[in-house]
Amino acid sequence: QVQLVESGGGLVQTGGSLSVSCAASGGTLSMYTMAWFRQAPGKEREFVAAISWSGVSTNYADSVKGRFTISRDNTKNTMYLQMNSLKPEDTAVYYCAATLRGRWPPPLYNYWGQGTQVTVSS
């Protein structure tokens, strides 16, 4: 069973950039489709971006297209989210998620990290 740990969150000004990482252990990352979700205070958790096991396929929420880039390095068992042109509405706890590779895009994710806070000040 894979365990996921996020890192790299923090405070950034509007228009700035930040990168968050998700390190996996207890499993081989190439066996999993990975994704980022986020949850803002008082709101439901929402999908941000996903990446196939090989990294060839990605998809993004409309709200982050053109600003965020998801990537992965299976040799390092790590997934990344590069966030540019950040807005106050991007403020949230960011979670990484994984599911065994198969259907694309996956209908659900089985494994979750604890989250990392990203705060964008106006």
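Tabulated results
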quantity: Selection within the range 98-122 - out of contact with any Asp or Glu (no Cβ under 9 Å at 6 or more places or on another chain), of a type in the set (A, V, I, L, M, F, W, C), over 13 Å from residue 29 (Cβ atoms) and touching a residue at least 24 places away in the same chain (Cβ under 8 Å); calculated: 104, 112
quantity: Residues of the range 59-77 that turn out to be open to solvent by less than 90 Å² (accessible area, probe 1.4 Å) and of a type in the set (D, E, K, R), as a count; calculated: 3
quantity: Condition broken by residue 107, with the remaining ones in (1) in contact with a Lys or Arg (Cβ under 6 Å, 6 or more places away or on another chain); (2) loosely packed, with under 12 Cβ neighbours inside 10 Å satisfied; calculated: (1)
quantity: Residue that is nearest to residue 88 (Cα to Cα) [pool: residues in the range 1-16 that are open to solvent by less than 90 Å² (accessible area, probe 1.4 Å) and part of a loop (DSSP other than H, G, I, E, B)]; calculated: 14
quantity: Qualifying residue in the range 28-43 (condition: in a loop (DSSP other than H, G, I, E, B) and closer than 24 Å to residue 103 by Cα); calculated: yes
quantity: Candidates 91, 14, 58, 28, filtered to the one that is modelled with pLDDT under 95 and out of contact with any Phe, Trp or Tyr (no Cβ under 9 Å at 6 or more places or on another chain); calculated: 28
quantity: Candidates 99, 116 - the one that is in contact with a Gly (Cβ under 8 Å, 6 or more places away or on another chain), among the polar types (S, T, N, Q) and either at pLDDT 95 or above or surrounded by 14 or more Cβ atoms within 10 Å (Cβ to Cβ) (or both); calculated: 116
quantity: Residues satisfying the stated conditions in the range 45-58, i.e. open to solvent by 50 Å² or more (accessible area, probe 1.4 Å) and more than 23 Å from residue 117 (Cβ to Cβ); calculated: 53, 54, 56, 58
quantity: Residue list for the range 17-27, restricted to those being part of a strand (DSSP E or B) and open to solvent by 20 Å² or more (accessible area, probe 1.4 Å); calculated: 18, 19, 21, 23, 25
quantity: Scan of the range 31-42 for residues that are open to solvent by less than 40 Å² (accessible area, probe 1.4 Å) and without any contact (Cβ under 8 Å) to a residue 60 or more places away in the chain, ordered by number; calculated: 40
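The values are calculated or read from the model by the stated rules, or taken from the named source; none is laboratory data. Bear in mind the structure is a predicted one, so any value in this text is a computation, not a measurement. Because the Cβ atoms are built from the backbone with ideal geometry, glycine has one as well, and the counts that use them run over all protein chains shown. The accessibility values were calculated without ligands, DNA or RNA, using every heavy atom of the protein model including side chains. Shrake-Rupley method; radii C 1.70, N 1.55, O 1.52, S 1.80 Å.
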